[in-house]
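Quick one: structure below, then a few questions.
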Amino acid sequence: MSTRISKAGRLLDRNKRLSFTFNGRNLFGFQGDTLASALLANDQVLVGRSFKYHRPRGFVSSGVDEPNALMSLGHGGNFEPNRSATTVELVDGIEAVSQNHLGSLDWDLGFINNFFAKIFPAGFYYKTFMKPRFAWKHLFEPIIRNAAGLGRAPSLPDEAAYDYFYAHVDILVIGAGMAGLLATYELAKSGLKVTLVEQKHYLGGYALSDDFEVDGVAVPKWLENIEKKLIDSDNVQIKKNFTAIGVHDHGYLIGCENLEVAEKMGRSSIRHRLWRLRTKQIVLATGAIERPLIFAGNDIPGVMLSSAALDFYKLYGVSPGDRTVVVTNNDSAYLTAINLYNAGLSVPVVIDVREESSGDLFESLRSMGIRIEYGKGIASVLGKKRVKAVELCSLTGEGSVQETIECDSVIMSGGWSSAVHLWSHCGGRLIWNDQLDTFLPDASKSPIDENGEDFIAVVGAASGSFWPSEVVQNVKQIVQKIQKKFKTSKVKSSSISIQEIKYGDSNSKYFTPEGASEKLKSKCFVDFQNDVKLSDLRLATQEGYESVEHLKRYTTLGMATDQGKLSNINGLKYLADFLGREINEVGTTTFRPPYTPISLGSIAGEARKGLFKPVRKTTLHLWHEANGASWEPVGDWRRPYAYLKKNETIEQAVSREVTNTRNALGILDASTLGKIIVSGPDAANFLDLMYTNMISTLQVGRCRYGLMCNENGFLFDDGVVVRLAEETFLCHTTTGGADRVYSWMEEWHQTEWWNKRVFIQNVTEQFTQITIAGPKSRLLLEELGGLDVSRVSLKPLDYLEGELAKIKARVFRISFSGELSFEIAVPSQFGLEFWEKCLETGSQFGISPYGTEALHVMRAEKGFIMIGDETDGTVIPQDLNLGWAVSKKKKDFIGKRAQERIFMNDPNRKTLVGLSLQNSSEKIPDGASVIIGGVDQANDNVIGHVTSTYFSPTLDKPIAMALLKDGKNLLGRSIEIPVDSEKILKAIVSEPKFYDAEGNRQND
Amino acid sequence: MMLKVTGKMIEVRKYNSKDIRIKELGGVPMLTVRGDLSNKRFQTIIAKTCDVRIPKPLNIKSSKNLSLAWMSPDELLIFSFSGAFHEKTQKGLDSALKGLHSLILDVSGARSLFLVEGILWRELLAKGSPVDVRQSSFAKDAFRRTRIGQVSVAFWMASDNSVYIICGRSHSDFFYDWLCNAASDGSLTKYF
């Protein structure tokens, strides 16, 4: 069994017992444990079920590469699925639950899939689409949906807090193993500022579990000394629990800091923090990841990597089992065997797929009297939920069993893969190294920064320097290179003496036995989390999936949450063997961020609930809120849709507001309209290019309705342009278009017409803009006093500036409602004061505020268009009968040439018309299709669609506008609007002007 | 540097956490001045009218009566320390710059001003802004136009332990909430 061993456990504080639960069972661990080590110490070897076949699974690794031990943590608003137990630092009170089983972990009903493995071959998902036809819907989809997914999705909103942190650092060292620590130390010594990040909760990496000596002391002690020096150094910053998850252009790095322990201890209110680092130089010291060997039953709980077993033993004092069989193709498993033996545990045999080996570790094993079997492999591991024995076989051959060896754990090593993920994220190339049996960064094609210089250096095992003395040499070289790049004063690198240890050569065998039968192959797992077996790879390659990218997608090899950290290379080796090619030719799949999964919360950061998206508010927002506003989002703003009085429906309120404005006096907050000042000697000329109509002929003190098209001729914004002074214009835009129009003008000015002398300034927020509309609006302005707003002095489309009610104001006589109307802009600071004065003074005239819906009803009654209703990005002004606003005299304006295309002048283009219902008070559905000649299957009879539709309280009937093919020739004709399969409304086409077509009211 | 507004600045609202004090301040008049900052005549007129030379790019400078911030190669922002001086400056610039392609606009109502105080103010900025706020890059007189979270802002140091931030007025409620959240207890760790 797996149990705690008293004489090991470097990271533990045995005085601090922590309690936690697993599947409801109370268990204990110590401070310093990971959830994984604590579970293993409690002999919890079975920790999860596999994705497809629901096979029992145990720990394979001790770190981020763990494929099996995914768990759900916490409950309620703190529930988080799919956490790898090997990366969770134990704290008091953790509630962990295993995943992916129907029923209990021990008795999983889904395990039945295991016996139907034949119906889940490689590509089974795609095959289920093929035939028989009915099977996908009725058989496969329900089964797959039921089986799919790992942990459950949380059912409650996340209670934790997350945030971002932006920082600029000079040198970032990623990984605090021996290489990373040494590189940090040496770089800091030369005065450089270094930030060292480490994904684990301790520094030292695999070296912390190793046994060699440095400078005459055991390596853990030596690492500890370096750590102390770094902590004391002013120019070093160390971040533990920090995973670099992605490297991007120009030294931009995203990392995730896990603050769960600090949060539990009350030291942080943040759970995960997403770091966005701008670096000048990145040093990758990400180490290497040990690979499994492939043999039948290599997924049975109790089979783990030799490095994991060594970590569990050395760092946490946990044994993998009492009797451990070792199987390896290199020396690193020897080290684990020696340690387990020295701990008093039994190592019945070391199975070595090599023909022979030599070196110091070999000598130690031999002197201990441990049995070594060369040129052998494992035919099969016996056991279901726990290893019971292994069957020894010859490496060559089909796997006939030579001997059955009882054991309760198996540790394996299939060699090491350098952790080159981050190198690849930003374009670094990889090359396969046959001798070291791994992909390595190709220094001749490294990621480059904005100056075309390398910004990533790689040290230690990540660069192929696997042995301690190589690490020291390699770090020395890289540090010198960086010192040169940063032009630091020369500092001699420390002389470090490494205990000389001779290691035997590794070989590249990755599965046993070499001639494994199909039956054995179907139990040989390559990818644990996604249940990809050698037999699946065989089938896929046989079916023609010979590209590594296809193989991945067809078999799901490397597609799980661990992204193939353990499985990719073994899969590639198989593919290369099958195709008879070199691994370099086969290539590898693309590594993409994130290196390890991170929480969705950390990506969202603080942008949740009220902070999800900015809401813009006018100066009158609070007033609206206090006076019954029902809000409508417009752009980022909130505008009152209508002001509800007691017991009033929205429809009633809109109707009341329209009627009151038409008959007496209405007031509207129009502050959200964009206001852009364009000023300079070339302003008139510039605006002639921006707008379709002529702006340069506008007189000072006058307003003109203007249209803006994009370069394809399509209408995208409209508004009133005012000439404030000879060289200064005020351009009004739509609410949603304000920022876009401002950027649009700036872009054309900066890139195309940069020689025009204009300044463009967005002053939208400087003004509170208020519309006073209705037959009594002039009376109100006169009562407010200060400006002559008589018919003679302020004609339609005139503009005046002065003081109204003793507040500095601009008055524009423009109307979007069709009533006599004035828009008044006052500086924002005085907005509320002015609004309240208007209401107070206007009460004698029956003033009442109106919202956006009343505004829209009134403009529709008048047939005025709305950007976004009557336009959809494919509409030109001419379609909307606005051809009069498109200048024919101007030599150029944006959209002019596009509008000369034949298509734009097609008489069949859709044209804006009005629709009136015959004998019905029903509202026409917005967006509905308009047809002539009845519903037909092919939709050939569709001639357009409804763009705006309202019930007009003024006319007491529904009105609508529509864009109809050849609309001009349809006037007076009857058309149909299908509402649903039963109902078809009949309407008459009219001019899109329903009320006061002559404009007598607004021109009063 | 501090905006030495005569009389008391209006304190619109405030929030204190363990590490940070946040205030929204009102009543600081602002002027936008557009013009070619490299033009000698323009430089002279600014220096004469404002009693301070145009600051270097990404900087802010103050005289007795105002602070002058570099916004872009053709834009300045003036924070006046009194309403009277604000009007005087606007009028002065209007007449002095006549004939020179330029634009002077009163933008006193267009922006909201916040003062964030406390030793962890750099950390607070770093939660939302990609600007390099290390002491070595962002010190006294530095002025940055950037974003914090999803809001466009500009900020500069008020003192060693405080920073001014301006944002568009319509965003001030949202931004205030953002600041309070970022300042909340337990969410700031000493970094700089």
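The values are calculated or read from the model by the stated rules, or taken from the named source; none is laboratory data. Because the structure is a prediction, the values reported are computed rather than measured. Neighbour counts run over all protein chains shown; Cβ positions are idealised from the backbone, glycine included.
Considering only residues that are surrounded by 15 or more Cβ atoms within 10 Å (Cβ to Cβ) and in contact (Cβ under 8 Å) with a residue 12 or more places away in the chain, which ones fall in region B:38-54?
Result: B:Asn39, B:Phe42, B:Ile45, B:Ile46, B:Thr49, B:Cys50, B:Val52, B:Ile54.
Any idea which residue in region A:445-488 is surrounded by the most Cβ atoms within 10 Å (Cβ to Cβ), counting only those that are among the charged types (D, E, K, R) and over 30 Å from A:Glu500 (Cα atoms)? Don't jump to the end; show me each part of the working.
Here is the first cut: in region A:445-488, the residues among the charged types (D, E, K, R) are A:445, A:449-450, A:453-454, A:470, A:476, A:481, A:484-485, A:487.
When the remaining residues are screened for being over 30 Å from A:Glu500 (Cα atoms), the result is A:445, A:449-450, A:453-454, A:484-485, A:487.
Numbers: A:Lys445: 13, A:Asp449: 18, A:Glu450: 9, A:Glu453: 10, A:Asp454: 16, A:Lys484: 10, A:Lys485: 15, A:Lys487: 6.
Among residues in region A:445-488 that are among the charged types (D, E, K, R) and over 30 Å from A:Glu500 (Cα atoms), the one surrounded by the most Cβ atoms within 10 Å (Cβ to Cβ) is A:Asp449.
Out of curiosity, is B:Trp156 facing another protein chain (nearest Cβ under 8 Å) and modelled with pLDDT of 95 or more?
No: the conditions fail for B:Trp156.
Okay, residues lined up against (1) in a loop (DSSP other than H, G, I, E, B); (2) over 30 Å from B:Glu123 (Cβ atoms):
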position	(1), (2)
A:Val261	no, no
A:Ser268	yes, no
A:Gln281	no, no
A:Ile300	yes, yes
A:Met304	no, yes
A:Asp311	no, yes
A:Lys314	no, yes
A:Ala333	no, yes
A:Gly344	yes, yes
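Go through region A:710-726 and give me each residue that's in a loop (DSSP other than H, G, I, E, B) and surrounded by fewer than 19 Cβ atoms within 10 Å (Cβ to Cβ).
A:Asn710, A:Glu711, A:Asn712, A:Glu726
Hey, another quick one. In region A:13-45, what residues are touching a Gly at 6+ places or on another chain (Cβ under 6 Å) and surrounded by fewer than 22 Cβ atoms within 10 Å (Cβ to Cβ)?
Answer for region A:13-45, where residues must be touching a Gly at 6+ places or on another chain (Cβ under 6 Å) and surrounded by fewer than 22 Cβ atoms within 10 Å (Cβ to Cβ): A:Asp13, A:Leu18.
Specify which of the listed residues (B:Leu37, B:Leu31, B:Leu25, B:Leu3) is within 14 Å of chain A (Cβ to nearest Cβ) and not in a strand (DSSP E or B).
Only one candidate qualifies: B:Leu37.
Determine if region A:212-228 includes at least one residue that is within 14 Å of another protein chain (Cβ to nearest Cβ) and modelled with pLDDT of 95 or more. Reasoning before the result, please.
Residues of region A:212-228 that are within 14 Å of another protein chain (Cβ to nearest Cβ), as a first pass: none.
No: region A:212-228 contains no residue that is within 14 Å of another protein chain (Cβ to nearest Cβ) and modelled with pLDDT of 95 or more.
Could you list, in sequence order, the residues of region A:639-662 that are in a helix (DSSP H, G or I) and either crowded, with 19+ Cβ neighbours inside 10 Å or touching a residue at least 60 places away in the same chain (Cβ under 8 Å) (or both)?
A:Ile650, A:Glu651, A:Ala653, A:Val654, A:Ser655, A:Arg656, A:Glu657, A:Val658, A:Thr659, A:Asn660, A:Thr661, A:Arg662
Do the conditions hold for A:Asp106, that is, is it within 14 Å of another protein chain (Cβ to nearest Cβ) and either of a type in the set (D, E, K, R) or more than 25 Å from the chain's Cα centre (by Cα) (or both)?
No.
Identify, please: which residue in region A:663-685 is touching a residue at least 60 places away in the same chain (Cβ under 8 Å), assigned to a helix (DSSP H, G or I) and surrounded by fewer than 23 Cβ atoms within 10 Å (Cβ to Cβ) and is, among those, nearest to the other protein chains (Cβ to nearest Cβ)?
Filtering first and then ranking leaves A:Asn685.
When the residues of region A:507-547 are filtered to those that are polar (S, T, N, Q) and within 25 Å of A:Lys376 (Cα to Cα), which remaining residue is farthest from the chain's Cα centre (by Cα)?
The selected residue is A:Ser517.
Moving to a separate point now. I need a count of the residues in region A:609-621 that are surrounded by fewer than 15 Cβ atoms within 10 Å (Cβ to Cβ) and touching a residue at least 12 places away in the same chain (Cβ under 8 Å).
So the count comes out to 1.
Which of the residues belonging to region B:71-90 are assigned to a loop (DSSP other than H, G, I, E, B), in contact with a Ser or Thr (Cβ under 8 Å, 6 or more places away or on another chain) and either within 14 Å of chain A (Cβ to nearest Cβ) or of a type in the set (Ser, Thr, Tyr) (or both)? Give the derivation first.
If we filter region B:71-90 for residues that are assigned to a loop (DSSP other than H, G, I, E, B), which is where we start, we get B:73-74, B:81-82.
Remaining after also requiring in contact with a Ser or Thr (Cβ under 8 Å, 6 or more places away or on another chain): B:73, B:81-82.
Of everything in region B:71-90, those that are assigned to a loop (DSSP other than H, G, I, E, B), in contact with a Ser or Thr (Cβ under 8 Å, 6 or more places away or on another chain) and either within 14 Å of chain A (Cβ to nearest Cβ) or of a type in the set (Ser, Thr, Tyr) (or both) turn out to be B:Pro73, B:Ser82.
This table checks each residue for (1) surrounded by fewer than 17 Cβ atoms within 10 Å (Cβ to Cβ); (2) more than 11 Å from chain A (Cβ to nearest Cβ); (3) within 18 Å of A:Phe165 (Cα to Cα); (4) out of contact with any helix residue (DSSP H, G or I) (no Cβ under 6 Å at 6 or more places or on another chain).
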{"site": "B:Gly92", "(1), (2), (3), (4)": "yes, yes, no, no"}
{"site": "B:Leu103", "(1), (2), (3), (4)": "no, no, no, yes"}
{"site": "B:Ala110", "(1), (2), (3), (4)": "no, no, no, no"}
{"site": "B:Leu120", "(1), (2), (3), (4)": "no, yes, yes, yes"}
{"site": "B:Gly128", "(1), (2), (3), (4)": "no, no, yes, yes"}
{"site": "B:Lys140", "(1), (2), (3), (4)": "yes, yes, no, yes"}
{"site": "B:Ile166", "(1), (2), (3), (4)": "no, yes, no, yes"}
{"site": "B:His171", "(1), (2), (3), (4)": "no, no, no, yes"}
{"site": "B:Ala182", "(1), (2), (3), (4)": "no, no, yes, no"}
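Return a yes/no flag: does region A:9-18 have any residue that is closer than 26 Å to A:Ala161 by Cα and assigned to a strand (DSSP E or B).
yes
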